1. Provide the per-residue ³J(HN,Hα) series for the stretch 135-142, in order, calculated from phi with Karplus coefficients 6.51, -1.76, 1.60 and θ = phi - 60°, each as a whole number of Hz, with x at glycine and proline positions.
2. Could you state the accessible area per residue of the stretch 132-171 in Å², with a 1.4 Å probe and every protein chain left in place?
Amino acid sequence: MKSSLSRGFITTAITVSVLSGVARAGGTDEYGCSNATLKGEYAFGVTAYTSTDLPNSPPYVVGVVNGIKVFDGHGNLTQRDYQGDNNAGPDFSPPGQETGTYTVNSDCTGSMVINLNAPVTSGSTGVINIMFVISDGGRHVHEVVSEFTPPGASGPVSNQTSADDWKVASQQEQ
């Protein structure tokens, strides 16, 4: 009896050790994110900075934008910015005007391209290239603009822009 009990303990100890070793050996730095991590409506706030002409001076805010993005979980998005350039009432971009694509890597980093599709007579219709990191299980997206071509411009302009997106739905709705 004592011999059987000892063999059972030894077998259990070996099995647990082997299985935990397999789990560690198979472990990676992957966090399980994919395009499906971003799905639904996200409110966002953008802050654009520019530096002053003085050396070692702090940057100052030159623009603030807010709006809503809708991710489809398959790599496509739409966005509506508050354009706020007058006091004539709601200044959100028209529904469906701003469109884009995104790619989420398994480590919860990613990139997106937003086409502003602004009605201009010449130059770019506006393109924003973004790099991002997802946190809080897909409820928060931290962004930096890697390249910005404003509507009407012939090419990208220098910028220091960051944004944060927050999932609109409550946690119970996820």
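The values are calculated or read from the model by the stated rules, or taken from the named source; none is laboratory data. If you're wondering where the values come from, they're calculated on a predicted model, not measured in any experiment. Quick note on the areas: whole protein, heavy atoms, side chains included, nothing else; ligands and nucleic acids left out. Shrake-Rupley method; radii C 1.70, N 1.55, O 1.52, S 1.80 Å.
1. Using θ = phi - 60°, the values come out as 9, 6, x, x, 7, 9, 10, 9 Hz.
2. Ligands and nucleic acids excluded, the result is 52 Å² per residue.
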